[in-house]
Amino acid sequence: MKSLSYLVSLLMLLPFAAGAQCPLAQDTIDPFDSTRLVISEPVSIGALIPSLYETVEGPKIIDEAKAAFSFVEDDQSDINSFFLTIVAAEYEYEPIQAGKNVILAFADSTNATLLNYPDRGQFSDDTNMRMYQHTCVVPIDLFYRMAYSGIVGIRIRYDNKKRTIMLTKAQQEALKEAVRCAGEAVGFAPNKP
């Protein structure tokens, strides 16, 4: 009987043990200033689109965007923040200013606006397109929403246009898992507020 209760206890802890094995792109501590950086594996989001890079079979097909979730903490300053980084390919030059230019649409029909840093894009030889990096600060309450509620779409407001990236069910789950993995690595998950 004692071994049965032990087995049941182990089985109850299995989901948490499995979650602790999340793949991370990086989990490092800077040896000079003790800054810790945790980054999830990138997740492809949106559709597949033709790039401006021509091959014999036609244009090279690429992901519309990729997203990664990260956490930075520093023991010498007040930096302890989550970040959502979206890298999107654009056909035209589309500068973006600092401000609340990235909007997340959740499965429960609510929206959340994120503050992003400015970017002028970087030309990619692999696609012949400009790649824009949207790095957004994620408040702790929004971290929990992202970890437990699916993001169905992301709107990016450039200076001259709006871009909407819709996520498939599989992409929604992959992004939730990336958020949870980064949170677990720094001790914010699997707790649910």
Between 0 and 90°, nearest 10: helix 169-185 axis offset from the chain longest Cα axis: 60
Taking the beta-carbon count within 10 Å as an exposure proxy, list 136, 22 from fewest neighbours to most. 22, 136
Would you mind working out the magnitude of the charge dipole of the chain relative to its Cα centre, with +1 at each Lys and Arg C-beta and -1 at each Asp and Glu C-beta, to the nearest 20 Debye? 780
Report the GluC sites (Glu not before Pro) located in the range 90-193 that are in a DSSP loop and have at most 11 other Cβ atoms inside 10 Å of their Cβ, or state none. 92
Write out the trypsin sites (Lys or Arg not before Pro) in the range 133-193 meeting two conditions: DSSP loop, and at most 11 other Cβ atoms within 10 Å of their Cβ. 161
If packing is taken as the mean number of other Cβ atoms within 10 Å per residue, what is the order of 58-71, 102-115, highest first? 58-71, 102-115
Can you tell me the convex hull volume per residue for the chain, based on C-alpha atoms, in Å³ to the nearest whole number? 177
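Throughout, read-outs are computed from the coordinates displayed, never taken from laboratory work. Predicted model, so just to flag it, every value in this text is computed and none were measured. Counting neighbours? That spans all protein chains shown, and the Cβs are built from the backbone with ideal geometry, glycine included.
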